[in-house]
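Read through the structure below, which is laid out as C-alpha cells, and then see the notes.
The values are calculated or read from the model by the stated rules, or taken from the named source; none is laboratory data. Please read all numbers here as calculations on a predicted model, not as lab measurements. All Cβ positions, even for glycine, are placed from backbone atoms using ideal geometry, and neighbour counts span all protein chains on display.
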Amino acid sequence: MKKTISIALVAVAAASLFADAPAAKHPLISKAREAGLAPIPSSLTALYKLVDNPKNPITDAKVALGKKLYFDPRLSKSGLISCNTCHNLATGGVDGVPAAIGHRWTANPHHLNSPTVYNAVFMSRQFWDGRSPDLEDQAQGPMQAAPEMAITKTMAVERIASMPAYKKMFKDAYGSDEITFKKIADTIGNFERTLVTPSPFDKFLEGDAEALTAPQKEGLKTFIDKGCVSCHTGVGIGGSMQPFPVVKPYKYADIGDFKGDKNGMVKVPTLRNVVETAPYFHNGAVWSLSEAIKIMGETQLGMTLSDKEVASIRTFLTSLTGEKPKVVYPVLPPVTEKTPRPVAK
C-alpha cells in the first residue's frame with residue numbers, strides 16, 4: 001500500500017513554516033540548543049521523519065479512520081466514553097480534573113491525572129510509569145482498563161465490525177476489511193501522531209530572535225540556568241523517565257498511591273501548552289502553575305526559587321503554547337442491528 005503524508009501533518013507543517021523568519025543569531029538561541037532544547041521542525045520532511053512509526057506508517061486513510069475511532073464512545077463498554085473524554089482536544093488535550101473519571105463514574109484508583117495527548121508523540125515512553133513504548137501500544141490500555149473505558153477486545157472488534165462504513169475505512173487503510181483490536185489501537189495511534197503544536201518557541205529556536213518577548217527570553221534564561229532543562233529537554237520539552245522526587249519529598253505525595261515504576265522513575269510531562277493543562281503533577285494535586293514551578297525547584301533541584309524567578313519561568317512557559325491542528329468533530333457511522341448494545345454496569 002502506498003504510504004502518503006497525512007493531510008493533518010501538512011496543515012501543522014504549514015502553520016509552522018518560518019520561511020520569513022530572519023536568520024538572526026542570538027546567543028540565547030545557541031544556549032538553548034546547547035542545553036538540549038529542540039524545535040518542532042518546520043520542514044515537513046523532517047517533521048514526518050520525527051513523528052512517523054515505521055511499524056505503523058502514517059497515511060491519510062489511517063489518520064482519517066483513527067480520528068473517528070478517537071472520538072467514538074462506542075469503544076467503551078457503556079458507549080459513553082471516548083479517547084477524547086479524558087484527552088479532550090478542545091481543552092489542551094486533557095480533561096481538566098485531578099484524577100481521570102471512567103466507567104460508572106469511577107475515578108482512577110491510583111488518583112492519576114490524564115496527561116495531554118498533544119505532542120505525546122515526542123515522549124520516549126507512554127503512561128506515567130512508562131510501561132508503553134509508543135502511542136499505538138498505549139491506545140490499547142485505556143480501552144480495556146476497568147476504571148476507564150472497560151471494554152473487552154472482543155466487544156470492541158464486534159462493535160466496530162458491525163458498521164459497514166468502518167469496514168470500508170479499514171479496507172481503505174489496510175487493503176483488507178478484517179478488523180482486529182490491534183488495528184483499532186494502531187489507527188488511533190496514527191491519528192495521535194499528527195497532534196503536534198508548533199509554538200513561538202520553535203520559531204525562536206529555528207532562528208527568529210524576535211519570536212519571543214524580552215520577558216519570555218529572560219524566563220528561558222532562568223529556566224536553563226536553574227537546571228530545569230536537566231529533565232525538560234528535547235523536542236517534547238519532557239518525555240523521558242526520571243526519578244521523582246530527587247532532593248525533597250513531594251508535598252502532595254499522600255494523594256494517591258503512585259510511586260513510579262519499579263525503580264521509582266516517573267515520566268517527565270511535556271511543558272508544551274502547559275498553561276492549558278492544569279491541574280499538574282501525576283496526581284493532579286496542584287492547580288497553580290506558579291506553585292508547580294516552585295515545588296519542582298524544591299523537590300527536583302533542591303533550591304527555593306524566588307517569586308521573581310518563578311514568575312520569570314512561568315512567563316517563558318507561555319511561549320510554549322502552540323497552534324493546534326484543525327480538528328473537525330467527525331460524523332460517526334451509525335450502529336446496526338448487529339452492533340453489541342451499551343452496558344452501563
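Looking across region 112-136, the residues that are of a type in the set (Asp, Glu) and within 14 Å of the chain's Cα centre (by Cα) come down to Asp134, Glu136. The test for being assigned to a loop (DSSP other than H, G, I, E, B), within 20 Å of Gly236 (Cβ to Cβ) and outside the structural domain of Gly256 (by TED's automatic domain parsing) does not hold for Gly79. Considering (1) more than 16 Å from the chain's Cα centre (by Cα); (2) touching a residue at least 24 places away in the same chain (Cβ under 8 Å), the lone condition that Ala46 does not fulfil carries the number (2).
Scanning region 197-216 for residues that are of a type outside the set (A, V, I, L, M, F, W, C), surrounded by 21 or more Cβ atoms within 10 Å (Cβ to Cβ) and out of contact with any Ser or Thr (no Cβ under 7 Å at 6 or more places or on another chain) yields Thr197, Lys203. Go through the residues of region 166-179 one by one and say whether even a single one is closer than 22 Å to Met123 by Cβ, of a type outside the set (A, V, I, L, M) and not in a helix (DSSP H, G or I). There is no residue in region 166-179 that is closer than 22 Å to Met123 by Cβ, of a type outside the set (A, V, I, L, M) and not in a helix (DSSP H, G or I). Of the residues that make up region 180-191, is at least one under 30 Å from Ile160 (Cα atoms), out of contact with any Asp or Glu (no Cβ under 6 Å at 6 or more places or on another chain) and part of a loop (DSSP other than H, G, I, E, B)? Yes, region 180-191 contains at least one residue that is under 30 Å from Ile160 (Cα atoms), out of contact with any Asp or Glu (no Cβ under 6 Å at 6 or more places or on another chain) and part of a loop (DSSP other than H, G, I, E, B).
Just a yes or no: is a residue in region 303-316 touching a residue at least 40 places away in the same chain (Cβ under 8 Å) and under 30 Å from His103 (Cβ atoms)? No, that holds for no residue. Looking only at residues in region 261-281 that are of a type outside the set (Asp, Glu) and assigned to a helix (DSSP H, G or I), the one that is surrounded by the most Cβ atoms within 10 Å (Cβ to Cβ) is Val274.
Please verify whether Glu276 is more than 30 Å from Tyr70 (Cα to Cα) and among the charged types (D, E, K, R), treating the condition exactly as stated. Answer is no for this residue. For region 224-242, the tally of residues that are assigned to a strand (DSSP E or B) and out of contact with any strand residue (DSSP E or B) (no Cβ under 7 Å at 6 or more places or on another chain) stands at 1. Within region 131-142, residues that are in the same structural domain as Met241 (by TED's automatic domain parsing) reach no partner that is among the small types (Gly, Ala, Ser) and part of a helix (DSSP H, G or I) with beta carbons closer than 9 Å at six or more positions or on different chains. Somewhere in region 265-273, is a residue without any contact (Cβ under 8 Å) to a residue 60 or more places away in the chain, within 23 Å of Ile224 (Cβ to Cβ) and outside the structural domain of Met169 (by TED's automatic domain parsing)? Within region 265-273, one or more residues are without any contact (Cβ under 8 Å) to a residue 60 or more places away in the chain, within 23 Å of Ile224 (Cβ to Cβ) and outside the structural domain of Met169 (by TED's automatic domain parsing). Of all residues in region 104-161, those being in a strand (DSSP E or B), surrounded by fewer than 20 Cβ atoms within 10 Å (Cβ to Cβ) and touching a strand residue (DSSP E or B) at 6+ places or on another chain (Cβ under 9 Å) number 2.
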